[in-house]
Amino acid sequence: MMEVKRFGEKSLIIQFENIISIPVHQQVKNYYKYLLHSSMKGIKSISPAYNSITLIYDPFLIAFDTLKSEIENIEIDGDKELEQKVIEIPVCYATSLGLDIEEVAQSKNISIDEIIHLHTTPHYTVYMLGFSPGFMYLGGLDPQLLTPRKKTPRLQIPAGAVGLADQQTGIYPSATPGGWQIIGQTPIPIFQVNEKPLVQMGDQIKFNPIDLDTFHQLKNTK
């Protein structure tokens with residue numbers, strides 16, 4: 001199911017089923033890849049999300065109705081399998097880095113070791129990238145770790161901080177304000193200007209636990 005709607009004077013949105021799921025993600029990725037390599041004129045930017053794609057276009061080069069019709073007539077193999085690259089990321093869950101891990105453990109009535117086990121077991125899907133360059137929104141969090149955002153966001157969260165927010169987990173690629181519950185930190189750089197991004201939409205992420213000494217050793221080599 002797909003619907004193309006106006007989304008302002010110079011943009012439109014391709015809306016798929018309004019759920020977060022692997023099949024919908026596959027649709028988003030297949031259309032996104034098609035549009036990236038298409039010869040449609042007037043498209044200025046393409047931004048995929050969990051279950052939609054936003055296009056900004058030049059209305060002087062192509063009218064909304066024309067672009068809408070072209071998109072609706074795209075033929076995509078819906079059964080095409082996702083190309084998934086697995087990226088392993090080391091994370092230290094020491095309380096000095098996992099600023100909220102003790103609070104999360106208390107709220108869930110489980111141990112910190114159980115949080116680490118639950119967080120490092122799944123392979124997470126990168127559903128989308130934003131709100132800052134390189135920020136990964138990851139799906140596949142164990143339901144036992146569903147955690148609301150902090151009521152009062154922090155003014156500064158360090159680069160590499162690994163957090164929980166509702167049914168998502170993710171990594172802060174740079175030092176920014178934020179309201180996610182921080183349970184660990186990775187020593188590896190997630191996003192660097194003028195370098196190839198570490199991850200792309202559709203990749204798989206696997207977190208591997210490391211101790212504090214290993215964290216500092218890896219941090220000092222980057």
Any chance Gly163 is within 26 Å of Glu102 (Cβ to Cβ) and either open to solvent by less than 20 Å² (accessible area, probe 1.4 Å) or not hydroxyl-bearing (Ser, Thr, Tyr) (or both): yes
Among residues of the range 180-210, those that are assigned to a loop (DSSP other than H, G, I, E, B), over 19 Å from Val86 (Cβ atoms) and either of a type in the set (Val, Ile, Thr) or touching a strand residue (DSSP E or B) at 6+ places or on another chain (Cβ under 7 Å) (or both), counted: 3
Subset of the range 176-208 that is without any contact (Cβ under 8 Å) to a residue 12 or more places away in the chain and over 26 Å from Leu155 (Cα atoms) - its residue that is surrounded by the most Cβ atoms within 10 Å (Cβ to Cβ): Glu195
Filtered residue count, the range 17-42, keeping only those that are more than 25 Å from Met136 (Cβ to Cβ) and open to solvent by less than 40 Å² (accessible area, probe 1.4 Å): 3
Scan of the range 94-129 for residues that are surrounded by 14 or more Cβ atoms within 10 Å (Cβ to Cβ) and among the charged types (D, E, K, R), ordered by number: Asp100, Glu103, Lys108, Glu114
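The values are calculated or read from the model by the stated rules, or taken from the named source; none is laboratory data. As the structure is a computational prediction, the values presented were derived from the model and not from experiment. Positions of Cβ are backbone-derived with ideal geometry, glycine not excepted, and every protein chain shown enters the neighbour counts. Please note that ligands, DNA and RNA were not included when accessible areas were found on the heavy atoms of the full protein model with its side chains. Shrake-Rupley method; radii C 1.70, N 1.55, O 1.52, S 1.80 Å.
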